[in-house]
Amino acid sequence: MAKRTLIETMLRTCYAMRRAEDIEGALESFTEDATFRLVGNPGLAPLTKAVTGRDALRAMLTQLARDWDWRDYHITSIMVDGDHAVVHSRGRMRYTPKNAAMETETLDLITIRDGKISDFQQFCDTHMAASLMMAGTA
């Protein structure tokens, strides 16, 4: 039970830091060799391209913070089973370069190693996100 509580606390802290655009704080929740992938069609790359390692993760999180406003997006539930967690979130996300917003949900599959995130796979509506990003372009 204590391990489950520690993992849930770490995840809530990481998500709060990401929402607050504290990239360095959020990175403290990841292992040095962590992988992050937005799960979706490879045709939507670089949106769906996996990144591995602290430097690549820092660049990706910085870009996400610059492009997406997560302030109205919140965790609805966390399930922890051993070294694996599932985080369900929902709310309003805004793509700031186009000032376009959407109500959506994500489901994150997370692997924990030594108390930190080693693998993070986020499932979201990649088609909706890509459409929002392309809105108003010719």
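Per-residue answers, yes or no, for (1) at pLDDT 95 or above; (2) farther than 16 Å from Ala65 by Cα:
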{"residue": "Arg90", "(1), (2)": "yes, yes"}
{"residue": "Pro97", "(1), (2)": "no, no"}
{"residue": "Asp119", "(1), (2)": "yes, yes"}
{"residue": "Thr126", "(1), (2)": "no, yes"}
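In the stretch 4-17, is there at least one residue being outside any helix (DSSP H, G or I), within 12 Å of the chain's Cα centre (by Cα) and either within 16 Å of Thr106 (Cβ to Cβ) or aromatic (Phe, Trp, Tyr) (or both)?
no
Can you tell me which residues in the stretch 17-38 are of a type in the set (A, V, I, L, M) and surrounded by 15 or more Cβ atoms within 10 Å (Cβ to Cβ)?
If the condition is that a residue be of a type in the set (A, V, I, L, M) and surrounded by 15 or more Cβ atoms within 10 Å (Cβ to Cβ), then Met17, Ile23, Ala26, Leu27, Ala34, Leu38 are the ones that fit.
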*For Ala129, are the conditions met, namely being surrounded by 15 or more Cβ atoms within 10 Å (Cβ to Cβ), at negative phi and over 13 Å from the mean Cα position of the chain (by Cα)?*
yes
*asked:* Of the residues Ala101, Ala59, only one is over 11 Å from the mean Cα position of the chain (by Cα), in a helix (DSSP H, G or I) and of a type in the set (A, V, I, L, M); which?
replied: Ala59
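The values are calculated or read from the model by the stated rules, or taken from the named source; none is laboratory data. This structure is a prediction, so every number in the text was calculated from the model and none was measured. When we count neighbours, we look across all protein chains shown, and the Cβ atoms used for this are built from the backbone with ideal geometry, even at glycine.
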